[in-house]
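The values are calculated or read from the model by the stated rules, or taken from the named source; none is laboratory data. If you're wondering where the values come from, they're calculated on a predicted model, not measured in any experiment. So basically every Cβ, Gly included, is an ideal-geometry build from the backbone, and we count neighbours across all protein chains shown. The accessibility values were calculated without ligands, DNA or RNA, using every heavy atom of the protein model including side chains. Shrake-Rupley method; radii C 1.70, N 1.55, O 1.52, S 1.80 Å.
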Amino acid sequence: MILRIQEAACLLVTLAFPIAAWADITNQSVTLNSGQTLNLDTGAVGTSGGDILWTGSITTGITLQGNATGYGFPASTLGMSAYTALTQQQLAGEPYSKSPITTVNVLAQWIIAVHTNGGNYAKLIVTASSTSITFEYTTFGGNSSGGGGGGAGAPTISQVQNNYSFILPGLPNYGIAPGSLFIVKGTNLATNTTPVLQSLSSPLPTSLNGASISVTVGGTTVTPALYYTSTGQLGAVLPSTTPVGTGTITVTNSGQTSSSAQMVVVASALGLDVATDANVNYFAQAASASPGQTIILWGSGVGADTANDDKTYPLKQDNLTTIPMQVWIGGIQATIQYRGRSQYPGVDQVNVVIPSNVPVGCGVSIVAVSGNIVSNSITVPVAPGGGACSDPASPTNAGLLQSLTGKAKVSFGFLEVIQSTEVTAATGKTTSNEAFAGFFSYPGAAFLAAANASASIPSIGSCIIIGGGGVGLTPTGLDPGTITFSGGGTPSTTLQSIPSEAGDFYAMISAVPSSGATYTFTGSGGKDVGSFNTTLNFPTPLVWTNQSSITTVNRAQGQTVTWTGGAPGTFVSIGGQSELLSASGTFITAVTFECYAPVSAGQFNIPSWVLLALPASTAGGLNMSNQTNPQSFTASGLDYAYVTAAALTDISVTYQ
């Protein structure tokens, strides 16, 4: 059965044209001694100028130079996984200031953003600090190879990506399939600054606003049709007649042609955008999909359909059954009813049946696999019979979200105790213990839209692959007054506010007892949040029983992890990351994943279709944590608040 879609302008704009604002990327690792500066646009270290200066003291930290401004991220974005996921779009929305970045934000694993003197955005993650500071950083806006240019004012190409997955070149699941909607990023790509969308009342043109694209693979040259143009980005459809292989792509703008960039064409590489029901209704936490229901996955990259011209709406909907594909929903293989074009050029739909035995929840993962090429992951809420979903791992639920509908702003808070253990061959075993608190508000409509979109954490039994685009919300910090913490051998301690990070509070605490402990958070009440007093039970941490035997992960075979203990009724998070390095060893990017399992299971198999999205690399990690289910507490001024505890262990592994 082929589920056909209605002609709807809103669907076309929503599904087909998320115009991302990516730029060239420069990645480096650097150590600054006291008094040294760093130019984040060029990588130059000196004693004056630049964008940041290390003062030589954690107390006085990093000062911003010239017109550069900075921002220290909160504890909720602590660590390499959060650093990797940060995009240029999210960095552009953060509240930068000239205030020095000090104390907590310059400790290991904390993340910093800088708006440079050159007008670019950079993210930094601290790896060590004392009298010197060491960090990795990524500057969005540096020059990268593969672009070039054919002279002054000529177009340059910095990136070619699937319109939905945003997979980066060099990753094992990168490639543009014939018939795909893809994007070209760069400079001087067209005559117009504001994106101009081509109407579907006539076939898509091969030249628009001075711009045209030429792709050559295996001696065959094709000219992709254009959906939209701007100076920094083009949206186009790769003809289904394009051969598979590695070739070249050029852009011509008003008679000037760019230098060629590499074009990798593969038979099938699906980028997923969103899931809907058969009538193109979006799912939400209060309106879930149900086991056994047929849903539509929207995206692009199923593969060639030479019966269509990839230009004219409406397209024929040919079921491309000869293209091998699997879809996994909540870790269970789903039945595919249709794979092919929607009706719009370049926009595909895959109609699948949710397995009857799928683990339900608000973040049930969906991943498609074509051969060994893994898509990006999305999530869908699933509940028996539809209706409201629920997740013990999530601090929100459908009823809460419904109660927040129509609010101008949503205010919330969290309290957390984290025991973090890192195991490496170089340093052995290092454990830190910390208490965190955060109090924030978001615009109500934006908060609800994000909460009902693809979930940022998986449901129990699901795995998500983290990477690609996405725009985060910028919170407004709230004033809760003074927060004190005690228990488990830690005397009464006042959590310190994090400079330039309104709403975030932090304290180092005594080691968590091996048998667990009970902790108390007390808030005096402040301008925005009323007083509160709540306890947190930190359970006996689980034991990762096969930790020492995992040094190498074979991505094609999957990886089983085992454990004993943990708090009854809670869940286990299993995650990992692998870095893509250049031939010289320079960091380019990383891919991460996260899976949730019930603690009672005692084991979990990380499937190959998750691991195949990671690059083969010696620079990788695998982690396991037991987190208590979020428990609510109340304070005036907050719409909801919760408290959790987590014990995390991270080991170094090689992915092959």
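A few comments on the model shown:
Condition check ((1) surrounded by 21 or more Cβ atoms within 10 Å (Cβ to Cβ); (2) under 20 Å from the mean Cα position of the chain (by Cα); (3) in a strand (DSSP E or B)) across all residues:
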residue	(1), (2), (3)
VAL160	yes, yes, yes
PHE166	no, yes, no
GLY170	no, yes, no
TYR174	no, yes, no
PRO178	yes, no, no
VAL184	yes, no, yes
ALA190	yes, no, no
THR194	no, no, no
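- Residue pairs meeting the criteria (Cβ under 9 Å; at least 6 apart or on separate chains; first surrounded by 15 or more Cβ atoms within 10 Å (Cβ to Cβ), in segment 30-43; second among the charged types (D, E, K, R)): VAL30/GLU136; THR37/ASP51; LEU38/ASP51; ASN39/ASP51; LEU40/ASP51; ASP41/ASP51
- Hits in segment 339-357 (condition: open to solvent by 10 Å² or more (accessible area, probe 1.4 Å) and either of a type in the set (A, V, I, L, M) or not in a loop (DSSP other than H, G, I, E, B) (or both)): ARG339, VAL353
- GLY70 being modelled with pLDDT of 80 or more, out of contact with any helix residue (DSSP H, G or I) (no Cβ under 7 Å at 6 or more places or on another chain) and either assigned to a helix (DSSP H, G or I) or at positive phi (or both): no
- Scanning segment 493-523 for residues that are more than 26 Å from GLY61 (Cα to Cα) and either modelled with pLDDT of 95 or more or open to solvent by less than 40 Å² (accessible area, probe 1.4 Å) (or both) yields VAL512, GLY516, ALA517, THR518, TYR519, THR520, PHE521, THR522, GLY523.
- Checking PRO392 against (1) open to solvent by 30 Å² or more (accessible area, probe 1.4 Å); (2) modelled with pLDDT of 95 or more, the condition it does not meet: (2)
- Contact annotation: residue pairs with Cβ atoms under 6 Å, 6 or more positions apart or on different chains, pairing a residue in segment 385-409 that is free of Cβ contacts under 8 Å to residues at least 60 places away in the same chain with a partner that is open to solvent by 50 Å² or more (accessible area, probe 1.4 Å) and in a loop (DSSP other than H, G, I, E, B), are SER390/ASN397.
- Spans of strands (runs of 3 or more DSSP E) in segment 388-507 with at least 3 residues touching a Gly at 6+ places or on another chain (Cβ under 9 Å): 409-424, 428-443, 463-466
- VAL244 vs. criteria open to solvent by 20 Å² or more (accessible area, probe 1.4 Å), within 28 Å of ILE464 (Cα to Cα) and in contact (Cβ under 8 Å) with a residue 24 or more places away in the chain: no
- Residues in segment 593-617 that are touching a strand residue (DSSP E or B) at 6+ places or on another chain (Cβ under 8 Å), within 23 Å of PRO392 (Cα to Cα) and among the polar types (S, T, N, Q) were compared, and the one that is least open to solvent (accessible area, probe 1.4 Å) is ASN605.
- Residue within segment 517-539 that is of a type in the set (Gly, Ala, Ser), in a strand (DSSP E or B) and touching a residue at least 12 places away in the same chain (Cβ under 8 Å) present: yes
- Candidate set: segment 322-338, residues that are assigned to a loop (DSSP other than H, G, I, E, B) and open to solvent by 10 Å² or more (accessible area, probe 1.4 Å); chosen: the one farthest from ALA269 (Cα to Cα): GLY331
- Matching entry among VAL266, VAL237, VAL251 (being within 20 Å of ASP348 (Cα to Cα) and buried (at least 24 other Cβ atoms within 10 Å of the Cβ)): VAL237
- The condition (being over 30 Å from GLY387 (Cβ atoms) and modelled with pLDDT under 95) is satisfied by just one residue among LEU315, LEU320: LEU315.
- Whenever a residue of segment 110-135 is open to solvent by 10 Å² or more (accessible area, probe 1.4 Å), its partners that are aromatic (Phe, Trp, Tyr) and assigned to a loop (DSSP other than H, G, I, E, B), lying with C-beta atoms within less than 7 angstrom and at least six residues away or across chains, give the pairs HIS115/TYR96.
- The residue that is least open to solvent (accessible area, probe 1.4 Å), among those in segment 196-234 that are out of contact with any strand residue (DSSP E or B) (no Cβ under 8 Å at 6 or more places or on another chain) and either of a type in the set (Ser, Thr, Tyr) or touching a residue at least 60 places away in the same chain (Cβ under 8 Å) (or both), is LEU200.
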